[in-house]
Amino acid sequence: ASDLCGFYWSAELTDDEDWHGVYNGGTTTGETDSTAVDLGDDAVAGEFQILKLTVGNDGTARWYVDGVLKQTVTGAVSTSTDLAVLLMVEAKGAAVETMDVDYVLIESSRDWTV
């Protein structure tokens, strides 16, 4: 996609057990090599994890796993393009894929009066 920022996990990636911090659309070109955005933290079935993504007004994105900062990218996203929040699970084979999500929190410090 031309504009995105988030967590990604896929059995098709080089490290098929880790979360990856993906991005595109800002002043920093999005990575196409999964090893460059590997967060080094396994997504393990049956384990609880807290994933947090922050995006600053300057387009800088920060990825946290269980409170630990895993990656910072300056200019990861555009400062002039609206982004939407998506939470998705995709099945690429015959097996049904599932993910349990306890909550999603979205906060903004945008000045909505301008």
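The values are calculated or read from the model by the stated rules, or taken from the named source; none is laboratory data. Quick caveat, the model's predicted, so the values are computed rather than measured. Don't worry about glycine lacking a Cβ; one is built from the backbone with ideal geometry, like all the others, and counts go over all protein chains shown. These accessible areas exclude ligands, DNA and RNA; they are computed on the full protein's heavy atoms, side chains included. Shrake-Rupley method; radii C 1.70, N 1.55, O 1.52, S 1.80 Å.
Can you give the accessible area per residue of the chain, in Å², using a 1.4 Å probe?
I get 73 Å² per residue for the chain.
Using θ = phi - 60° and the Karplus relation 6.51 cos²θ - 1.76 cosθ + 1.60, list the HN-Hα couplings for the stretch 66-72 in order, rounded to whole Hz, with x at every Gly or Pro.
Taking θ as phi minus 60°, the curve returns 6, x, 9, 5, 9, 7, 10 Hz for the stretch 66-72.
Relative contact order for the stretch 51-98: what is it in percent, counting Cα pairs under 8 Å that are at least 6 residues apart?
25 percent
For Cα pairs less than 8 Å apart in space and 6+ apart in sequence, what is the mean separation divided by the residue count of the chain, i.e. the relative contact order in percent?
That works out to 21 percent.
Picking from D100, D15, D41, which is most flexible by a Gaussian network model of the chain using Cα springs under 10 Å?
Greatest mean-square fluctuation among the candidates belongs to D100.
For the chain, what is the charge dipole size about the Cα centre, in debye to the nearest 20, if Lys and Arg each add +1 at the Cβ and Asp and Glu each add -1 at the Cβ?
With Lys and Arg at +1 and Asp and Glu at -1, about 480 debye.
I'd like to compare 20-30, 63-73: which one has the highest average count of other Cβ atoms within 10 Å, and what's the full order after that?
20-30, 63-73
Between T81 and T28, what is the label-to-label distance in nm when each label sits 7 Å out along the Cα-to-Cβ direction?
So the two model labels end up 1.6 nm from each other.
Hey, could you get me the Stokes-Einstein D for the chain, Kirkwood radius over alpha-carbon pairs, 20 °C and 1.002 mPa s, rounded to whole µm² s⁻¹?
Result for D is 140 µm²/s.
Take the solvent-accessible surface of the protein heavy atoms, probe 1.4 Å, and return the percent of it on the chain that carbon and sulfur atoms account for.
49 percent
Name the most mobile residue of G59, G40, G93, meaning the one with the largest mean-square fluctuation, in a Gaussian network model of the chain with Cα contacts below 10 Å.
Among G59, G40, G93, the largest mean-square fluctuation in the Gaussian network model of the chain belongs to G93.
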